[in-house]
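Only one structure is covered here, and it is reproduced in the block below.
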Amino acid sequence: MGASPAIANSFMQYRQAGAAARELLAAAAADTWGVPVDSITVENSVLKSGGKIAHFGEMAAKAAVMRASENPKLKDPSRFKLIGQDGLSRQDTLGKTNGTAEFAMDVKVPGMVYAVVLRSPRFGGKLG
């Protein structure tokens, strides 16, 4: 059984986080280029204003030190490209079903050590 409810339960938080990131990246681009922030368009992880173009990664460091808005403007649902679309194939299904998918617990690097959190076997118990 699968179908984690994580996305459905956190949909609005993810939308707000995305909107805040989009605003910060646009503000960073506007500051870098010396243009008004409302002249910046954002689409497909690309920021544009006039002839200036940058990918999100190029503005990430600057955006990361800026203060996010308390109430970022959410994308209008009419502009969604993937949400609500039928027939989208999951790119991870084959690897998960044939055993080729690599998960964090599968990663091994030279000199890797393992750690676990030691917990009491009893609820509310303490370790000496």
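The values are calculated or read from the model by the stated rules, or taken from the named source; none is laboratory data. Please read these numbers as outputs of a predicted model, since none were measured by experiment. With ideal geometry, Cβ positions are generated from the backbone for all residues, glycine too; neighbour counts draw on all protein chains shown.
Across the stretch 11-54, the number of residues qualifying as among the charged types (D, E, K, R), closer than 17 Å to Lys75 by Cα and touching a residue at least 24 places away in the same chain (Cβ under 8 Å) comes to 3. Within the stretch 86-101, the only residue that satisfies the criterion of being in contact with a helix residue (DSSP H, G or I) (Cβ under 8 Å, 6 or more places away or on another chain) and not β-branched (Val, Ile, Thr) is Ala101. Close Cβ contacts (under 7 Å, 6 or more residues apart or on different chains) running from residues in the stretch 97-111 that are modelled with pLDDT of 90 or more to residues that are assigned to a loop (DSSP other than H, G, I, E, B) comprise Ala101/Asp92.
Scanning the stretch 22-45 for residues that are of a type in the set (A, V, I, L, M) and surrounded by fewer than 17 Cβ atoms within 10 Å (Cβ to Cβ) yields Val35, Val37, Val42. Note on the stretch 54-82: residues that are surrounded by fewer than 12 Cβ atoms within 10 Å (Cβ to Cβ) and more than 13 Å from Ala20 (Cβ to Cβ) total 10.
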